[in-house]
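Engineer: Structure in structure tokens, see below.
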Amino acid sequence: MEGLKERAAGLKKDIPAVFLALKRKDTPFPAKMTAALAIIYALSPIDLIPDFIPVIGYLDDLILLPVLIALTVKLIPGEIFEECRKEAEGMWQDGKPVKCYYALPFIAVWLLVLYLVLKTIFTHG
């Protein structure tokens with residue numbers, strides 16, 4: 001069975017492909033809705049478990065968001081996603097984006113992580 005670390009690395013590598021797939025007209029509406037739900041949930045101040053509850057408050061963010069991303073990947077037809085994966089490979093050279101705007105999904109994810117960490121420090125510290 002694939003480990004959690006490997007799954008997380010796989011999802012991280014799939015983010016550019018998901019980004020490209022969502023821009024396509026032939027990507028199914030349910031995949032686009034799931035991705036939108038993930039983004040809305042990530043940015044929403046309302047959580048299933050309130051963040052002010054120590055430790056448990058952030059578990060929903062750490063579990064639900066990767067699940068929503070994985071579900072989005074599953075909802076994208078395989079042939080479309082493979083095309084997007086191949087296109088996404090051309091977006092990177094030596095571990096860096098070829099064009100700056102290709103880095104936007106990763107920047108958004110890291111800004112979200114930074115926000116959650118800082119929020120935790122300043123509200124519970």
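Engineer: Quick one: which helices (runs of 4 or more DSSP H) sit completely within region 3-85 and have at least 1 residues that are modelled with pLDDT under 70 and of a type in the set (Lys, Arg)?
Structural biologist: Numbers: elements: 4-23, 29-43, 56-75.
Of the helices (runs of 4 or more DSSP H) lying wholly inside region 3-85, those with at least 1 residues that are modelled with pLDDT under 70 and of a type in the set (Lys, Arg) span 4-23.
Engineer: Of the residues 29, 81, 52, which single one is open to solvent by 70 Å² or more (accessible area, probe 1.4 Å), in contact (Cβ under 8 Å) with a residue 40 or more places away in the chain and hydrophobic (A, V, I, L, M, F, W, C)?
Structural biologist: Exactly one residue qualifies, and that residue is 52.
The values are calculated or read from the model by the stated rules, or taken from the named source; none is laboratory data. Keep in mind the model is a prediction, meaning the values are calculated, not measured. Cβ atoms come from the backbone with ideal geometry, glycine included; neighbour counts cover every protein chain shown. Note: accessible area is taken over every heavy atom of the protein model, side chains too, but ligands, DNA and RNA are not part of it. Shrake-Rupley method; radii C 1.70, N 1.55, O 1.52, S 1.80 Å.
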